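The structure appears right after this line, and notes come after that.
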Amino acid sequence: MKEDSYFIFDWKTITPALGFTLIMWVVFYIERRFFLSFVDFGVKPGTLKGLRGVLLSPFIHSGISHLWSNTMPLLVLGTALSYFYRQQAFSVMFYGIILSGLLTWLIGRPSFHIGASGVIYMLVFFLFFKGIFTKYYRLIALSFLVAFFYGSLVWYVLPVDKEISWEGHLSGAVVGVVLAVTTRNKLPVKEKFLWEKSDFNASEDAFMQQFDENGNFFEIIRDEEE
């Protein structure tokens, strides 16, 4: 697979992240429109009923500011995941949601944990560490961009604010690192120059024949009859 055909931005790149955030907004609209509250569908650690929040909690938010603060990071990070890790994007999102939700259920305080913050932390840590592990320059560059824009989020995996589910953040971060280690992705095959190929013979190449054994250039003068 050629490098320029590996990274292709099309509708498949933006659709997953856009669809995820759209569901969040629809759920929020239904709550406000019909005066409902879906908080009870969040993750409730230590209870069987609270396990349903493993799948549902990322789509439930406490207010418009909570929802908006999660919308843009999800759009940006979700799109980056689909663009740079197209073949693994679905499995990373699926297992990321499930595992981070389960870990929150195991270590969280006995209250309802809602919001997509855990998913965002999972994406941040996955994109950062996966890019470093691959040692591929484009993905390393992505890692540094993620660190630059979202590096400050690392403080919120600690209990710095009792109103914030730091357990959900920590769970997402841990799962993101685990997925970065365990997820395998096929990198694009870099096109090699002619002289980089194993079957290249310098003595038969017209350009290389213009250099002596010491690498010095000399001009080849041909007879007019030739």
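Restricting the stretch 37-85 to residues that are aromatic (Phe, Trp, Tyr), assigned to a helix (DSSP H, G or I) and modelled with pLDDT of 95 or more, the residue that is surrounded by the most Cβ atoms within 10 Å (Cβ to Cβ) is PHE59. Checked against (1) assigned to a helix (DSSP H, G or I); (2) among the small types (Gly, Ala, Ser); (3) in contact (Cβ under 8 Å) with a residue 12 or more places away in the chain, GLY115 passes all but condition (1). Annotation: of all residues in the stretch 149-187 being among the acidic types (Asp, Glu) and free of Cβ contacts under 8 Å to residues at least 60 places away in the same chain, the one that is surrounded by the most Cβ atoms within 10 Å (Cβ to Cβ) is ASP161. The residues of the stretch 111-142 that are surrounded by fewer than 18 Cβ atoms within 10 Å (Cβ to Cβ) and not aromatic (Phe, Trp, Tyr), listed by number, are SER111, ILE132, LYS135, ARG138, ILE140, ALA141. Of the residues making up the stretch 8-30, one or more are over 16 Å from VAL119 (Cα atoms), over 19 Å from the mean Cα position of the chain (by Cα), surrounded by 16 or more Cβ atoms within 10 Å (Cβ to Cβ) and at pLDDT 95 or above. Scanning the stretch 118-148 for residues that are more than 22 Å from LEU56 (Cβ to Cβ) and either of a type in the set (Asp, Glu) or touching a residue at least 60 places away in the same chain (Cβ under 8 Å) (or both) yields ARG138, LEU142, VAL146.
Evaluated against (1) in contact with a Phe, Trp or Tyr (Cβ under 9 Å, 6 or more places away or on another chain); (2) within 25 Å of ILE23 (Cα to Cα); (3) of a type in the set (Val, Ile, Thr), VAL157 falls short on exactly one condition, (2).
The values are calculated or read from the model by the stated rules, or taken from the named source; none is laboratory data. Just so we're clear, the structure is a prediction, and the values are computed from it rather than from any experiment. Note that each Cβ is placed from the backbone with ideal geometry, even for glycine, and that neighbours are counted across all protein chains shown.
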